[in-house]
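Following: one structure in structure tokens, then a few remarks.
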Amino acid sequence: MNIYITRRETFSASHRLYNENFTDEENERVFGKCSNPNGHGHNYILEVVVKGEPNKNTGYVIDLKILKSIIRENVIKKVDHKNLNIDVDFLKGIIPTAENIAIGIWNELKDKIPDAKLYAVKLYETENNYVEYKGE
């Protein structure tokens, strides 16, 4: 039996979408206004989903206080109010699209959750756009 538990967190960050191997014109064509040389920002919503069986003694798959602490220590502290292109080690050399950010967050969390298994990372970049990564 698997139960799925979700913890939601928020963070604000800036980024610029560009490929250093493209000309300015190519970056503008591919990434549009998201390639603004001065960057732009988002108020992200992050949902981390873990799965597992409830512990017979506690009824928890994972204590949500523990999951909250893991997410904040390993992700939020690193990305909140940061420039994702410059300030975030796990995104160095990667175009910080929502897709790549979600993969990076997955990699930061995948081995750090006790007694449960990371199931999905869902990242909302806007209220209408989000990505979901399941480590496949």
(message) If residue 1 satisfies all but one of (1) among the aliphatic types (A, V, I, L, M); (2) at pLDDT 95 or above; (3) out of contact with any helix residue (DSSP H, G or I) (no Cβ under 8 Å at 6 or more places or on another chain), what's the number of the condition it fails?
(response) (2)
(request) State the number of residues belonging to region 31-62 that are touching a residue at least 12 places away in the same chain (Cβ under 8 Å) and either part of a helix (DSSP H, G or I) or of a type in the set (Asp, Glu) (or both). (result) 5
(message) within 29 Å of residue 85 (Cα to Cα) and either surrounded by fewer than 15 Cβ atoms within 10 Å (Cβ to Cβ) or out of contact with any strand residue (DSSP E or B) (no Cβ under 7 Å at 6 or more places or on another chain) (or both): is that true of residue 57 in this structure?
(response) no
(request) Might you let me know whether region 23-45 holds any residue that is within 13 Å of the chain's Cα centre (by Cα), surrounded by fewer than 18 Cβ atoms within 10 Å (Cβ to Cβ), within 17 Å of residue 133 (Cβ to Cβ) and at pLDDT 95 or above? (result) yes
(request) With the condition kept exactly as written, say whether any residue in region 107-127 is part of a helix (DSSP H, G or I), among the aliphatic types (A, V, I, L, M) and modelled with pLDDT of 95 or more. (result) yes
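So that you can scan it fast, the table gives a plain yes or no per residue for (1) surrounded by 14 or more Cβ atoms within 10 Å (Cβ to Cβ); (2) closer than 14 Å to residue 12 by Cα; (3) touching a strand residue (DSSP E or B) at 6+ places or on another chain (Cβ under 8 Å); (4) among the hydroxyl-bearing types (Ser, Thr, Tyr):
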residue	(1), (2), (3), (4)
84	yes, yes, yes, no
97	yes, no, no, yes
114	no, no, no, no
120	yes, no, yes, no
(message) Return the residues of region 122-131 that are surrounded by 13 or more Cβ atoms within 10 Å (Cβ to Cβ) and either out of contact with any helix residue (DSSP H, G or I) (no Cβ under 8 Å at 6 or more places or on another chain) or under 22 Å from residue 4 (Cβ atoms) (or both); say none if nothing qualifies.
(response) 122, 123, 124, 130, 131
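The values are calculated or read from the model by the stated rules, or taken from the named source; none is laboratory data. These numbers were taken from a predicted model, which means no experiment stands behind them. Quick reminder, even Gly has a Cβ in these numbers, built from the backbone with ideal geometry, and neighbours come from all protein chains shown.
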